[in-house]
Number of protein chains: 4
Amino acid sequence: MSPKIGMEPIRRQQIIEAAKHCIVTKGLPHFSIKDIAKAANLSTGVIYHYFENKDDLLVDVLKDSFSNTEKLVKETVDAASNYNNKMKAYLETVAKVPDENPDFYIILLNYLAQAPYNEELKRIISRFFQNLGRFIEGILQIGYKEGVIKKIEKGTAANLILSQAMGLAFYYLISNEKINKDKINRDFVEIFKKYIE
Amino acid sequence: MSPKIGMEPIRRQQIIEAAKHCIVTKGLPHFSIKDIAKAANLSTGVIYHYFENKDDLLVDVLKDSFSNTEKLVKETVDAASNYNNKMKAYLETVAKVPDENPDFYIILLNYLAQAPYNEELKRIISRFFQNLGRFIEGILQIGYKEGVIKKIEKGTAANLILSQAMGLAFYYLISNEKINKDKINRDFVEIFKKYIE
Amino acid sequence: MSPKIGMEPIRRQQIIEAAKHCIVTKGLPHFSIKDIAKAANLSTGVIYHYFENKDDLLVDVLKDSFSNTEKLVKETVDAASNYNNKMKAYLETVAKVPDENPDFYIILLNYLAQAPYNEELKRIISRFFQNLGRFIEGILQIGYKEGVIKKIEKGTAANLILSQAMGLAFYYLISNEKINKDKINRDFVEIFKKYIE
Amino acid sequence: MSPKIGMEPIRRQQIIEAAKHCIVTKGLPHFSIKDIAKAANLSTGVIYHYFENKDDLLVDVLKDSFSNTEKLVKETVDAASNYNNKMKAYLETVAKVPDENPDFYIILLNYLAQAPYNEELKRIISRFFQNLGRFIEGILQIGYKEGVIKKIEKGTAANLILSQAMGLAFYYLISNEKINKDKINRDFVEIFKKYIE
DNA sequence: CATGAATGAGGGTTCATTCAT
DNA sequence: GATGAATGAACCCTCATTCAT
């Protein structure tokens, strides 16, 4: 039923972007297939040529968001040469997300709230964090090998870094004032040093 | 419109608890007034005697959740005598929430996801975190006066503690395995020492 | 089931007046028993002590309106001594209704619109117009006996006077400007002379 | 929102006719969207493809009724050649409405009763009567130019003719017996001569 | 008598999904 | 492929009416 992979990836992407737009502007529970179609300048029917149903489309939206973010982080960090530069690149990339790509956290938050009621979403989100955690562990491993940081329990550190980032990001979401946001952002970067140095 | 305050607080509470049950079992966007009524063993109509509409009821559910949690934290901490005991009481209370009152974080997460689209929810959540932040600052202040901890920037510390708790809690939500949860929990308590000692 | 007549006529009247107020301010289809109760400063339940149900109450409201108007017209005309004075009294009374008792026509219009779907209302309204028609015929009869007017077909004249009054009154209802209303009013009185002189 | 003009005027008309049927058989306040759908042999949802909401649909029903009547009157009168024929055509057309198109007055009455509570309806009805009034003035003007009738105040005459028609029509509505209806009808035509000759 | 909480059918409306064109 | 009209279940909410207190 679902179209063969590679058939019309442009249309699929067009629909996914429209769905993201709807999530960001209206919230996951507050838009219809018609809203997506309107945002994509398409008819409602065509969406069902590219996606089995609404749920399937929404799952693909999350996968797309995650894969974009993973790619961004990995490319930035891989381009840096040693532990210090890699960690700096990672920190800067993550720190800039709320301002430069605020959609990501909004979308993540929307799906996170659905995770307890949807095993598939839960699995996808879980895997994303595991991947990111392992990636951070990789960076820390380099630091250890270079003798720049002391040996720490990898799992713990990765968990803490991730949760810290998430916590700050969500906290950030509900703060209106620019000044407060900047402060939280600085705090966010500062705290990493406490962990790892 | 809504019944005089004090009129039938039992029914109001009964409905609020039923709504909480629905949020926890089905998720904020996935239950109807009829579901709440069924959960409360009431007819649908009666809900509108006690609440103006569904949105109002859901706002009251959040307020109720927050006020319960605030009360629990404050009472536990106030019962402790000095900085060390107070901080220990705080840490233990917060650390136990995910296991002893898992509903709280699920409910919070559901509302947090709606905050970007609803100014009232945003305000209520904001105020809750502000209150909790000030409360933590108060504990730290005591520690500083007693000479137990070094002077630290209060705002930062409070923010970090809060966001750490939130981040871990949500991370916790998507972890299935008991063993992983326990570990995260231990990490959570451990990290506080890094901040404040 | 319905309370014995004479039991609490004050309460009945209080409720009827409240219902009239609701009809005039909101329109027959747009208010509830609760609205009536609120307007009468009573509880909803008590209305069912004095009226079998909403329909019965609304029938009684119409009867009350009609009996008031009939009484007013008859008393005014009966107080006049001869044909000329009687007809003058009638014309003035009717002409003043839209301004002095605008509720009457609004209430009448509301019920008239229901007449095609409710035999009881139809019968009550029919009887009211028949009574008024016969009353006008009586005045004309006096004029004929006094030799003041020429013999005319009574039924026709009465019908025409009534319908003219009704038509102008409803036309009047939808005219906003005071100046227009005054003009229509003057036209209304003027036309009677054409009929009968 | 509403479909492009010209898209599916047949469906729109189908729904409007079904709504008219409901008004005539049940009365404006006593039918639901579901009733309309059933009368039109459609599902409930489709109505919202063609009309924004129930109120909008009902407004369009009134507009449709008025435009039909205006067209009928104008076409009939325009086809006549001089004043006498035009006025005769007008009188006959109007006199026949209650028997040949009894729905019109029932529908009009239903909306008239809502006019005091709905500015839009009031405006539409007002405009209809103004148009019709001006049209009658036009006929009288011709009669005056042809020297057939004496000069009369146009506004007054038009108002009186209209209100007479309305009054008789509504009076007619509540009369059951056929004989009575016929008599009123004859009276209606007769009265015009008194006005204008 | 009086109250107002409770019931549940029914109203207007939305929306995921299908399918004839 | 693409369209958007059509379906009908489900949603939020109102309200006439009842009845325990």
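The values are calculated or read from the model by the stated rules, or taken from the named source; none is laboratory data. If you're wondering where the values come from, they're calculated on a predicted model, not measured in any experiment. Virtual Cβ from ideal backbone geometry, glycine too; neighbours counted across all protein chains shown. In case anyone asks, the SASA skips ligands and DNA or RNA and just uses the protein heavy atoms, side chains included. Shrake-Rupley method; radii C 1.70, N 1.55, O 1.52, S 1.80 Å.
So here's what we get for this one:
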{"quantity": "14 Å beta-carbon shell around B:ASN53, net charge (K/R +1, D/E -1)", "calculated": "-4"}
{"quantity": "The protein assembly as shown: C-alpha gyration tensor shape, a/c 1.5 cut-off, then a/b vs b/c", "calculated": "prolate"}
{"quantity": "Karplus (6.51, -1.76, 1.60) ³J(HN,Hα), θ = phi - 60°, over region C:52-67, in Hz, Gly and Pro reported as x", "calculated": "4, 6, 4, 4, 4, 4, 5, 5, 5, 4, 5, 4, 4, 4, 5, 5"}
{"quantity": "Tilt relative to chain C, helix C:9-26 - C-alpha long axis, 0 to 90 degrees, to 10", "calculated": "80 degrees"}
{"quantity": "Accessible area of chain B belonging to carbon and sulfur atoms, whole % at 1.4 Å probe", "calculated": "50 percent"}
{"quantity": "Accessible surface buried upon D-C contact (total; probe 1.4 Å; Å², nearest 100)", "calculated": "3600 Å²"}
{"quantity": "Equivalent ellipsoid semi-axes - Cα gyration tensor, region A:26-84, angstrom", "calculated": "34, 11, 10"}
{"quantity": "Average beta carbon contacts from partner chains per residue of A:115-125, 10 Å cutoff", "calculated": "4"}
{"quantity": "Long pairs among D:LYS63/D:LYS96; D:LYS38/D:LYS63; A:LYS88/A:LYS145; C:LYS26/C:LYS88, criterion Cα-Cα beyond 26 Å", "calculated": "C:LYS26/C:LYS88"}
{"quantity": "Heavy atoms of B:LYS63 accessible to a 1.4 Å probe, total area in Å² rounded to 10", "calculated": "100 Å²"}
{"quantity": "Net charge contributed by nearby residues that have their C-beta within less than 11 Å of D:GLN130 (K/R +1, D/E -1)", "calculated": "+2"}
{"quantity": "Backbone N under 20 Å from the A:ARG134 label point (7 Å along Cα→Cβ), restricted to region A:82-99", "calculated": "A:87, A:90"}
{"quantity": "Pairwise FRET efficiency - D:ASN53 versus C:LYS145, Cβ, R0 = 60 Å, nearest 0.05", "calculated": "0.50"}
{"quantity": "D (Stokes-Einstein, µm²/s), Kirkwood Cα radius, region C:1-120, 0.890 mPa s at 25 °C", "calculated": "155 µm²/s"}
{"quantity": "Per residue accessible area in Å² of the protein assembly as shown, where ligands, DNA and RNA are left out and the probe is 1.4 Å", "calculated": "49 Å²"}
{"quantity": "Environment charge at B:SER32 (Cβ cut-off 12 Å; Lys +1, Arg +1, Asp -1, Glu -1)", "calculated": "+3"}
{"quantity": "Where rotation carries A onto C, the chain A residue whose Cβ is nearest that axis, in whole Å", "calculated": "A:HIS30, 15"}
{"quantity": "Value of [θ]222 nm, deg cm²/dmol, for the protein assembly as shown, DSSP H segments ≥ 4, -39500 (n - 2.57) each, nearest 500", "calculated": "-26500 deg cm²/dmol"}
{"quantity": "Position B:GLU92, label points 7 Å along Cα→Cβ, spacing to each other copy in nm (shortest first, one decimal)", "calculated": "4.6, 9.3, 10.2"}
{"quantity": "Estimated distance in nm for a label pair at D:LYS88 and C:THR156, the labels positioned 7 Å out from Cα along Cα-to-Cβ", "calculated": "2.0 nm"}
{"quantity": "Amide H contacts under 5 Å for C:ILE149, placed H, 5+ residues apart", "calculated": "C:TYR144"}
{"quantity": "Alpha-carbon centroids, region B:150-169 and region D:80-128: separation in whole Å", "calculated": "75 Å"}
{"quantity": "Chain-alone versus full-assembly comparison, region A:150-174, residues with accessible loss of at least 50 Å² (1.4 Å probe)", "calculated": "A:ASN159, A:LEU160, A:SER163, A:GLN164, A:TYR171, A:ILE174"}
{"quantity": "Where A:SER67, C:SER163 fall by accessible area, highest first, once all protein chains stay in place (1.4 Å)", "calculated": "A:SER67, C:SER163"}
{"quantity": "Region B:59-196: radius of gyration and largest Cα-Cα distance (Dmax), Å", "calculated": "15.2, 45"}
